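Note sheet for the following structure.
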Amino acid sequence: MSQAQDNLIVVLDVGSASTRVLAGDVNEGALRYCGHAELASAGMRKGMVADLGPAARVVKNAVEQAERVARVNIDSCVVGVGGPHIRGLNTNGGFDLAGRMREITREDVKTAVERARAVERPPDREILHLLPRQFLVDDQPGIFDPIGMIGARLEVDLHIATCSGSALQSTVTCANRGGVEVTEAVLEQIAAAEATLSADERELGVCLLDIGAHSTDFIVFFEGAVAHTGSVPVGGAHFTNDLAVGLQLPVTQAEELKRQYGHAVVTAVPQNAEIEIANPQPQMLRLRMIAEILEPRARELLYFVRENLRQGGVLDALGAGCVLTGGGAMLPGMLDVTESQLRVPVRTGMPVRLSQMPGELAHPSWATAIGLLLYAHRTRASRAAENNGLRARLRAIFAATY
Ligand SMILES: Nc1ncnc2c1ncn2[C@@H]1O[C@H](COP(=O)(O)OP(=O)(O)OP(=O)(O)O)[C@@H](O)[C@H]1O
Ligand SMILES: [Mg+2]
């Protein structure tokens, strides 16, 4: 492998609406943009690959396009996994350190995590990430890194992010058929969080909502750790379909109308505002009518999210509020509906800017891909530093398990 190839990181986000490839290179530890491609997805259904042939052809074309822009050869990638099949669960486990006080080792941490992850999982569930929420040494909670501490008992509270094994396999097969090997699979919410959330927000408690086309995936951080992950099967495509049915328009026209004139709050649209549309016949359309169709869908989506957060016991943990990202976050009024449903402050999650990144990527729909790149860069660096320093060693243990 040449030096340039060695420094290359490529990520793949096979979304329900768009397939995105993003390439970055690492120079003296610094990550910078070197190419991207975005194509309309094919063969996707409910956030999963349903028809391998068309989905893989899009991946192949997107990879080739990114290769031309970045002037590199792409043969492997880190892939995002998301959608309604994602489930998170919190467990804990621990053990006595041979009945006496002694220094806690990396092996002990591994053993505690093994105990905590040994829960019954339904068949066809794959573990994507093991995310320690805190360690407890002799019942003292709130410990992030116990290696080197002295104690007689070690416990860990763990968040386990799982996905459907067959959905994961289809995504990997889709990438393979598109001509790229998959080196790692990362939960899309974790990636999107990497690109949009601050350390303070994660500490105070925050919910990141990634409103995609077929699903809305979310993750809650509290006291710096993942407290909850979930997904509801409603996304921007449902808003568009409601418009298409309600106004008797083709889906492509409904999508255009939504992007240009859509609003999720009826009362925010001036009462007399109208536009002229040519299809199905030339007519005037009240803009409020569009909002009247979109608002109930937005409320329903946020109701599902709120119920999920309530059941997960994290609804009152959102001190820093909620952050909306994904293409669906661009619908005007979504922030207001979210604020009124969850009763917390809400902001849009624009992805951080990579060095040399073109302006068109500064859009919430790129948050997952940009976050995948940041995540892959960070875990790569911490793996390289595995033997230097305790923190790096600990992170390396808990890097994606796939
Ligand atoms: N300006 C906009 N206004 C309203 N909606 C928008 C806008 N831009 C994009 N969207 C919506 O965002 C959705 C696509 O978002 P995104 O690209 O994040 O999805 P995806 O990653 O392909 O899908 P998923 O994450 O569900 O697999 C579409 O439903 C689209 O209608
Ligand atoms: Mg997405």
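Coordinate-derived values only; no laboratory data. The model shown is predicted, which means the values in this text are computed figures rather than measured ones. No Cβ is skipped: glycine too gets one built from the backbone with ideal geometry, and neighbour counts run over all protein chains shown.
Which lysines have a Cα lying under 28 Å from the Cα of K60, excluding residues fewer than 8 positions away in the same chain?
Partners found: K46.
How high is the FRET efficiency between Q169 and E114 when r is their beta carbon distance and R₀ equals 35 Å, given to the nearest 0.05?
Efficiency for this residue pair is about 0.90.
Calculate one ³J(HN,Hα) per residue across the stretch 197-208 by plugging θ = phi - 60° into the Karplus curve 6.51 cos²θ - 1.76 cosθ + 1.60, and present them in order as whole Hz with x for glycine and proline.
9, 8, 4, 5, 4, 4, 6, 6, x, 8, 10, 9
Only residues of the stretch 256-275 count here: report those whose backbone N is under 20 Å from the spot 7 Å along Cα→Cβ of R299, or say none.
Zone members listed by number: 262-271.
In whole angstrom, and with the biggest value first, how far do the Cα coordinates of the chain range along each principal axis?
The Cα atoms of the chain stretch 82, 50, 39 Å along their principal axes.
Quote the FRET efficiency, to the nearest 0.05, computed for R383 versus V245 with a Förster distance R0 of 60 Å and r equal to the Cβ-Cβ distance.
According to the calculation, E is roughly 0.75.
Give me the number: length gained by fully extending E360 to N92, i.e. 0.36 nm times residue separation minus the C-alpha to C-alpha distance, one decimal in nm.
Fully extending the segment from E360 to N92 adds 92.2 nm.
Find how much the distance from T252 to Q311 grows on full extension, using 0.36 nm per residue of separation minus their present alpha carbon separation; answer in nm with one decimal.
This chain segment gains 17.6 nm when fully extended.
Under a crude label model (7 Å from the Cα following the beta-carbon direction), how far is R343 from L39 in nanometres?
About 4.8 nm separates the two model spin labels.
What angle do you read, to the nearest 10 degrees and between 0 and 90, between the alpha-carbon axis of helix 287-311 and the longest principal axis of the chain?
20 degrees
Using θ = phi - 60° and the Karplus form 6.51 cos²θ - 1.76 cosθ + 1.60, what ³J(HN,Hα) does each residue of the stretch 328-343 get, whole Hz, x for Gly and Pro?
x, 6, 7, 5, x, x, 5, 5, 5, 4, 5, 4, 6, 7, 9, 6
Quick one: helix 236-247 against the long Cα principal axis of the chain, what's the angle to the nearest 10°, folded into 0 to 90?
Computed tilt is about 20 degrees.
Which of the peptides 25-32, 110-117, 235-242, 9-16 is most tightly packed, and how do the rest follow, going by the mean number of other Cβ atoms within 10 Å of each residue?
Descending packing order for the listed peptides: 9-16, 235-242, 110-117, 25-32.
Under 5 Å between amide hydrogens, which residues at least 5 positions from A50 or on another chain qualify, with H placed 1.01 Å from N in the peptide plane?
M44, R45
Quick one: 3J(HN,Hα) in Hz for the stretch 363-380, Karplus 6.51/-1.76/1.60 with θ = phi - 60°, rounded, Gly and Pro as x.
8, x, 5, 9, 4, 5, 5, 5, x, 4, 5, 4, 5, 4, 5, 5, 5, 4
Between R286 and A50, what's the calculated FRET efficiency when r is the beta-carbon distance and R0 is 41 Å? Round to 0.05.
0.65
Could you list the trypsin sites (Lys or Arg not before Pro) in the stretch 74-109 that lie in coil according to DSSP, counting only those with at most 11 other Cβ atoms within 10 Å of their Cβ?
Sparse-neighbourhood loop trypsin sites (Lys or Arg not before Pro): R100.
State the Cα centre-to-centre distance between the stretch 303-376 and the stretch 219-272 in whole Å.
Comparing the Cα centres of the stretch 303-376 and the stretch 219-272, I get a distance of 13 Å.
Can you give me the distance in nm between label points at D145 and N73, each placed 7 Å from the Cα along the Cα-to-Cβ direction?
Rounded to a tenth, the inter-label distance reads 3.9 nm.
Could you list D139, D124 in order of exposure, starting from the residue whose Cβ has the fewest other Cβ atoms within 10 Å?
D139, D124
Tell me, R133, R177 in order of fewest to most beta-carbon neighbours within 10 Å?
In order of increasing Cβ crowding within 10 Å: R177, R133.
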